[in-house]
Amino acid sequence: MFESLSDRLSGIFDKITGRGALSEADVNEALREVRRALLEADVALDVVKSFTDKVRTRAVGAEVIRSVKPGQMVVKIVHDQLVEMLGAEAEPVDLAAAAPVPIMMVGLQGSGKTTTTAKLAKRLTERQRKKVLMASLDTRRPAAQEQLRVLGEQVGVATLPIVAGQSPVDIAGRAMNAARLGGYDVVMLDTAGRTHIDEPLMIEMQEIKAATRPHEILLVADALTGQDAVNVARSFDSRVGVSGIVLTRVDGDGRGGAALSMRAVTGKPIKLIGVGERMDALEDFHPGRIADRILGMGDIVSLVEKAAETIDAEKAKQQAAKLKKGEFDLDDLAEQFRQMQKIGGMSGILGMMPGIGKMKKQLEGAGLDDRLIKRQIAIISSMTRTERQKPALMNASRKKRVAAGSGTDVQDVNKLLKMHRQMADLMKKFGKQKGGLGALFGGG
Ligand code: GDP
């Protein structure tokens, strides 16, 4: 599905990854080409625009990592942005509710709804050991209920016995009852589709929803229909409310636009993808893996990740060296705060320091919880370089300026300066001992 987009992107990035220097114009040119490639892949215009804007902002603000070439950095930024656009984390079908958990499948006719219902039922049965009951609520297409029954037999999942003449809501009610009585974990409700969205269909979906209170409402959409699939998802969501999307025919040679813009446009996660007609051709949707597939530059991405880790380690080492000499200025304090944010906040890092329990209590007493770490960083960032290196310079008027610049009060600035003095004293004391705090920060 993503082949031609993938080819285009590798072409664009091959031109820049090897180069030692990149001008802003080079980056802009590459981004223009990325933009064109995404539009040609049928990604929604707003999504493309916001994508390239975010990449540009990140590229401008990116920290330069010495061991990495600028073009490689750009690839990594594009990769991360792709992952974000696709939804960041995989979101599995949620079954955390009282049994029997109703899952309602909705979508247009021919989208692959019935097939997907059976595929998902098979997967829940085999992989999650769930007892699943399937019911077709499609009373419009005479063969629909029979189709689900046959698929049920094929995958070894029970289907609700067919009773002629019942309404969709009646069938749904009967399915829920049968599931309760039969001790089923999950009830999959395969609803009727239409060739296009119309009012009676939406009303029918709303009635079924009201009668069964589904825990998941999964919209099944055909990836090959591109932006139409996205529009269908939007309509269903606004009328019925969907909790997730299943994109089918991702094995086909579509341009990928639906898959790429679905999440950003609808705000709903793609939970599963259909990748073939066989009953096991259903996969979890992993944004990271899809981004890797589209970009095809996994090596560069992991190279940059490694380099970034190394930089962190180097920073820690430099800091350890300073600490050993008993130096600890406000830049060091800010760096400490940033590291704390990374490793789970104040309680995390202080918990790791020996002999600092008392200080921890003091800091907590001073109201320094993780939420406030950000504010401390803001205060330090509002100081000039000289002030950060020589906190003693901070007189009343400077404090006022810094408070205004960081959106805090002079009192907050004072508190921070006091904390810095205490920390600096502590660092000095430990720094002189061999293997003290310096060791903790990676020096030793
Ligand atoms: P419904 O009308 O929405 O219930 O659609 P069906 O479940 O009957 O599917 C219509 C056709 O699409 C069937 O021939 C399926 O085998 C096929 N189909 C469904 N999902 C996929 C998929 O992920 N890949 C491919 N290649 N075909 C699929």
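The values are calculated or read from the model by the stated rules, or taken from the named source; none is laboratory data. Computed from a predicted model, the values in this text were never measured in an experiment. Quick reminder, even Gly has a Cβ in these numbers, built from the backbone with ideal geometry, and neighbours come from all protein chains shown.
Values computed for the structure shown
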read-out: Residue 278 being more than 16 Å from the ligand (Cβ to nearest atom) and either crowded, with 20+ Cβ neighbours inside 10 Å or free of Cβ contacts under 8 Å to residues at least 60 places away in the same chain (or both); value: no
read-out: Residue under evaluation residue 57, criteria (1) closer than 18 Å to residue 260 by Cα; (2) surrounded by fewer than 20 Cβ atoms within 10 Å (Cβ to Cβ), criterion not met; value: (1)
read-out: Qualifying residue in region 141-160 (condition: crowded, with 17+ Cβ neighbours inside 10 Å, in the same structural domain as residue 106 (by TED's automatic domain parsing), modelled with pLDDT under 95 and more than 21 Å from residue 125 (Cβ to Cβ)); value: yes
read-out: Single residue of region 121-152 satisfying the filter (in a helix (DSSP H, G or I) and touching a Gly at 6+ places or on another chain (Cβ under 8 Å)) that is farthest from the ligand (Cβ to nearest atom); value: 125
read-out: For residue 91: the one exception among (1) in contact with a Pro (Cβ under 8 Å, 6 or more places away or on another chain); (2) of a type in the set (D, E, K, R); (3) over 21 Å from residue 268 (Cα atoms); value: (3)
read-out: Selection status of residue 308, in a helix (DSSP H, G or I), in contact (Cβ under 8 Å) with a residue 60 or more places away in the chain and either out of contact with any helix residue (DSSP H, G or I) (no Cβ under 7 Å at 6 or more places or on another chain) or within 16 Å of the ligand (Cβ to nearest atom) (or both); value: yes
read-out: Residue in region 279-287 that is touching a strand residue (DSSP E or B) at 6+ places or on another chain (Cβ under 9 Å) and within 19 Å of residue 44 (Cα to Cα) present; value: yes
read-out: Subset of region 3-47 [modelled with pLDDT under 85, part of a loop (DSSP other than H, G, I, E, B) and not small (Gly, Ala, Ser)]; value: 19, 22
read-out: Residues that are assigned to a helix (DSSP H, G or I), hydrophobic (A, V, I, L, M, F, W, C) and buried (at least 17 other Cβ atoms within 10 Å of the Cβ), drawn from region 379-410; value: 379, 380, 402, 403
read-out: Those residues of region 236-275 which are without any contact (Cβ under 8 Å) to a residue 60 or more places away in the chain and either farther than 20 Å from residue 3 by Cα or among the acidic types (Asp, Glu) (or both), in sequence order; value: 237, 238, 239, 241, 245, 266, 267, 268
read-out: Members of region 198-220 found to be within 16 Å of the ligand (Cβ to nearest atom) and surrounded by 15 or more Cβ atoms within 10 Å (Cβ to Cβ), listed by number; value: 201, 204, 205, 208, 217, 218, 219, 220
read-out: Failed condition for residue 118, given (1) of a type in the set (Gly, Ala, Ser); (2) more than 16 Å from the ligand (Cβ to nearest atom); (3) in a helix (DSSP H, G or I); value: (2)
read-out: Residue list for region 174-192, restricted to those being assigned to a loop (DSSP other than H, G, I, E, B) and among the acidic types (Asp, Glu); value: 185
read-out: Residues of region 284-304 satisfying the condition of being within 16 Å of the ligand (Cβ to nearest atom) and closer than 30 Å to residue 33 by Cβ; value: 285, 290
read-out: Members of region 200-231 found to be more than 22 Å from the chain's Cα centre (by Cα) and of a type in the set (Val, Ile, Thr), listed by number; value: 203, 208, 212, 225
read-out: Members of region 93-112 found to be surrounded by fewer than 20 Cβ atoms within 10 Å (Cβ to Cβ), within 15 Å of the ligand (Cβ to nearest atom) and over 19 Å from residue 208 (Cα atoms), listed by number; value: 110
read-out: Every residue from region 286-301 that is under 17 Å from the mean Cα position of the chain (by Cα) and outside any helix (DSSP H, G or I); value: 286
read-out: Qualifying residue in region 254-267 (condition: within 16 Å of the ligand (Cβ to nearest atom) and surrounded by fewer than 19 Cβ atoms within 10 Å (Cβ to Cβ)); value: no
read-out: Matching residues, region 361-374, being part of a helix (DSSP H, G or I) and either surrounded by 16 or more Cβ atoms within 10 Å (Cβ to Cβ) or at pLDDT 90 or above (or both); value: 363, 372, 373
read-out: Residue check for residue 6: of a type in the set (Ser, Thr, Tyr) and crowded, with 17+ Cβ neighbours inside 10 Å; value: yes
